[in-house]
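Down below is the structure, laid out as structure tokens.
The values are calculated or read from the model by the stated rules, or taken from the named source; none is laboratory data. Quick caveat: nothing in here was measured; it's all calculated off a predicted structure. With ideal geometry, Cβ positions are generated from the backbone for all residues, glycine too; neighbour counts draw on all protein chains shown.
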Amino acid sequence: MSIQDIFNAVIAFDEATAAAKTQAELDAGTDINAILNDGLIGAMDEVGEKFSTGELFVPEMLMAAQAMKAGLAILKPLLAEGNTQRKGTVVIGTVKGDLHDIGKNLVSMMMEGAGFDVIDLGVDVDSEAFVKNAAEKKADVIALSALLTTTMPAMETTVKAVKEAGMSVKTIIGGAPVTQAFADQIGADGYSADAPGAVKLVKALVA
Ligand code: B12
């Protein structure tokens, strides 16, 4: 039994095994971050590579994502465990035109686990919805996710809309193609490459 079994189950689109092996590793006391990064996320990286080289297609990518989600569901209570004192409110979503939500969900779960109230607007969220919800919920931070280079401009549109609305809410961005340089370029208040980093960033911004 090893983390490789989880990796292999995701690559094999096997939801039941991905869930069972994730549970088995947890029961064996394996570090949750190792299960997440080396097992579940590592496998999705491999799937992405194979998609790039034409070895896999969208349906397979989706099946792998389902297997990954089955493993994530096992980890979720542990990721969300911990500090119950609320630290602030985060409105999160995947930007307009983009349907990828696995990374966004992970960021959302970890923020909840860190004690933030998280309002998840889902995928394909336009700038008006981000602004409206952040205003209504008196959010401290708006967190934007994008996985496609073609949807990164929607991040800029949203950051601009927040500024035009005269809101004091901070904006942070993330997702595989996003960089610190892009965050600086569009005037976002922060960027992180991963979910634990996103939590640190939000803590620093609301402190
Ligand atoms: C699964 C997947 C899909 C699934 C999505 C299922 C779902 N419910 O999310 C499906 C099959 C639907 C899909 C569709 C498409 N996909 Co796709 N997909 C992927 C894949 C394989 C994995 C993404 C993933 O979930 N990774 C795991 C998560 C945990 O990582 P993550 O999202 O990067 O999130 C982490 C960080 O980025 C960060 N983060 C994420 N969000 C945020 C937000 C904030 C605020 C912060 C601070 C941090 C942060 O923290 C997360 C955790 O550490 C990637 C390849 C890859 N390895 O990235 C391609 C990939 C993103 N897809 C790609 C493409 C091209 C598409 C399609 C256009 C394919 C098509 N021809 O139809 C469509 C687009 C649909 C749309 N309109 O969105 C390309 C994008 C290329 C590009 N640069 O633009 C990729 C890179 C594959 C490739 N190598 O070509 N896809």
task: Given the conditions (1) more than 12 Å from the ligand (Cβ to nearest atom); (2) at pLDDT 95 or above; (3) of a type outside the set (Lys, Arg), report the number of the one that Ala207 does not fulfil.
output: (2)
- request: Check Thr149, Thr171 and return the single one that is touching a Pro at 6+ places or on another chain (Cβ under 6 Å) and either within 30 Å of Gly42 (Cβ to Cβ) or more than 9 Å from the ligand (Cβ to nearest atom) (or both).
  value: Thr149
message: Can you confirm whether Glu55 is in a helix (DSSP H, G or I), more than 17 Å from Leu106 (Cα to Cα) and not aliphatic (A, V, I, L, M)?
response: no
message: Looking at Ser192 and the list (1) in contact (Cβ under 8 Å) with a residue 40 or more places away in the chain; (2) surrounded by fewer than 21 Cβ atoms within 10 Å (Cβ to Cβ), which single condition is not satisfied?
response: (1)
query: Does Val162 fit the bill of being assigned to a helix (DSSP H, G or I), aliphatic (A, V, I, L, M) and modelled with pLDDT under 95?
result: no
- request: Among the candidates Val90, Val107, single out the residue that is touching a residue at least 60 places away in the same chain (Cβ under 8 Å), crowded, with 23+ Cβ neighbours inside 10 Å, β-branched (Val, Ile, Thr) and in a helix (DSSP H, G or I).
  value: Val107
query: Exactly one of (1) over 15 Å from the mean Cα position of the chain (by Cα); (2) near the ligand (Cβ under 9 Å from one of its atoms) is unmet by Val131. Its number?
result: (2)
- request: With the condition kept exactly as written, say whether any residue in segment 122-140 is assigned by TED's automatic domain parsing to the domain that holds Gly197, in contact (Cβ under 8 Å) with a residue 60 or more places away in the chain and of a type in the set (A, V, I, L, M).
  value: no
- prompt: Of these, Val123, Val202, which one is of a type outside the set (Gly, Ala, Ser), crowded, with 16+ Cβ neighbours inside 10 Å, part of a loop (DSSP other than H, G, I, E, B) and within 9 Å of the ligand (Cβ to nearest atom)?
  reply: Val123
Check on Thr53, farther than 20 Å from Ala183 by Cα, hydroxyl-bearing (Ser, Thr, Tyr) and in contact with a strand residue (DSSP E or B) (Cβ under 6 Å, 6 or more places away or on another chain): no
task: Go through (1) more than 12 Å from the chain's Cα centre (by Cα); (2) under 18 Å from Pro177 (Cβ atoms); (3) among the polar types (S, T, N, Q) and name the single condition Thr94 misses.
output: (1)
query: Does at least one position in segment 145-155 carry a residue that is among the β-branched types (Val, Ile, Thr), more than 19 Å from the chain's Cα centre (by Cα) and crowded, with 21+ Cβ neighbours inside 10 Å?
result: no
query: Considering segment 18-73 alone, what residues qualify as being without any contact (Cβ under 8 Å) to a residue 40 or more places away in the chain, surrounded by 19 or more Cβ atoms within 10 Å (Cβ to Cβ) and more than 11 Å from the ligand (Cβ to nearest atom)?
result: Glu25, Gly39
Yes/no for Ala143 being more than 26 Å from Pro59 (Cα to Cα) and within 8 Å of the ligand (Cβ to nearest atom): yes
